[in-house]
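Take a look at the structure below.
Just so it is clear, none of the values below were taken in a lab; they were calculated from the coordinates. These numbers were taken from a predicted model, which means no experiment stands behind them. Here the Cβ is made from the backbone with ideal geometry for all residues, glycine too, and neighbour counts use every protein chain on show.
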Amino acid sequence: MNKAELIEAIANDTGVTKKLAGEMVDSFIYEVTKALKKGQEVRLVGFGTFKVVKRKARMGVNPQTGAKMKIPARKVPKFVPGKELKKSV
């Protein structure tokens, strides 16, 4: 399912227009992104948790040249599915 299909499904489920459903999806994405930038977790009970984790610096290999290169440490977003989501899949 892509974003357009999600918007259409929400519009059909809730009886709102596709435009309003699109604004709701965009707002959800914006608010989750804003919270993650602040270092906060977003917990949706039964669905899952969005959070930021730190990756350590490590050595990698350039696949084209085979040369070793250092990959710097960085923060990455992570989604951990909740118990109910795991059960339903």
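Using a cutoff of 8 angstrom between alpha carbon atoms and counting only pairs six or more residues apart, the relative contact order for the stretch 3-88 works out to 22 percent.
Shown in residue order for the stretch 32-42 are the 3J(HN,Hα) couplings computed by the Karplus curve 6.51 cos²θ - 1.76 cosθ + 1.60 at θ = phi - 60°: 5, 4, 4, 5, 5, 4, 7, x, 8, 8, 10 Hz (x for Gly and Pro). Projected onto the charge dipole of the chain (+1 at Lys/Arg Cβ, -1 at Asp/Glu Cβ, origin at the Cα centre), which of TYR30, PHE50, GLY66 gives the Cα projection farthest towards the positive end? The one lying farthest along the dipole's positive direction is GLY66. For the listed peptides 25-31, 7-13, a ranking on the average number of other beta carbons within 10 Å per residue, highest first, reads 7-13, 25-31. Can you give the local net charge around VAL61? Use residues other than it whose beta-carbon is closer than 15 angstrom to its beta-carbon, Lys and Arg +1, Asp and Glu -1. With Lys, Arg at +1 and Asp, Glu at -1, the net is +3. Using a ≥ b ≥ c from the Cα gyration tensor of the stretch 39-89 (square roots of the eigenvalues), is it rounded, prolate or oblate, where a/c under 1.5 gives rounded and otherwise the larger of a/b and b/c decides, a/b for prolate? The shape class here is oblate.
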